[in-house]
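A short worksheet on the structure shown next.
The values are calculated or read from the model by the stated rules, or taken from the named source; none is laboratory data. It should be emphasised that the depicted structure is a prediction, and the values quoted were computed from it without experimental measurement. Positions of Cβ are backbone-derived with ideal geometry, glycine not excepted, and every protein chain shown enters the neighbour counts. Surface accessibility is based on the protein's heavy atoms, side chains included, excluding ligands, DNA and RNA. Shrake-Rupley method; radii C 1.70, N 1.55, O 1.52, S 1.80 Å.
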Amino acid sequence: QAQLVESGGGLVQAGASLRLSCAASEYFLKNYAMGWFRQAPGKEREFVAAINWSGRSEYYADSVKGRFTISRDYANNTVYLQMNSLKPEDTATYYCASPKTRTVPYDYSMEIWGKGTLVTVSA
């Protein structure tokens, strides 16, 4: 059973940076697109960022564009989400996911999900 395991969440002040990690199998990293989503309390889960299997194409929600960067590290079988200039509205549980396809689906639909890591940004 494929697993995606997130880590790196925590409590930070507005303006700070955090880097989230998603550990996956070598097969996943080499073959599938990966993405990050988030869900704030009382809100629906929303797309944050995605990257195709080769790392050559990246996609971002407008709300994080210019502040967040998704990347993949094949040597460590990890996908990262570097989050800079954090705002209180970035507070959410962040989920790693994969569509189990090489490219990112047009609707960002995903097949497999991690359990999430909580990010809290204080004002």
Matching option when the condition is open to solvent by 30 Å² or more (accessible area, probe 1.4 Å), at pLDDT 95 or above, within 10 Å of the chain's Cα centre (by Cα) and of a type in the set (Val, Ile, Thr), among Thr91, Thr69:
Thr69
Tally of residues being of a type outside the set (Asp, Glu) and free of Cβ contacts under 8 Å to residues at least 24 places away in the same chain across segment 106-123:
2
Residue, nearest to the chain's Cα centre (by Cα), within segment 1-13, restricted to residues that are open to solvent by less than 50 Å² (accessible area, probe 1.4 Å) and within 10 Å of Tyr95 (Cα to Cα)
Glu6
Selected residue (only one of Lys30, Lys65 is within 20 Å of Asp107 (Cβ to Cβ) and either in contact with a His (Cβ under 9 Å, 6 or more places away or on another chain) or of a type in the set (Lys, Arg) (or both))
Lys65
Which number in (1) in contact with a Phe, Trp or Tyr (Cβ under 9 Å, 6 or more places away or on another chain); (2) in contact (Cβ under 8 Å) with a residue 60 or more places away in the chain marks the one condition that Lys87 misses?
(1)
Just checking, does segment 110-123 include any residue being open to solvent by 10 Å² or more (accessible area, probe 1.4 Å), out of contact with any Ser or Thr (no Cβ under 8 Å at 6 or more places or on another chain), among the aliphatic types (A, V, I, L, M) and within 20 Å of Lys43 (Cα to Cα)?
yes
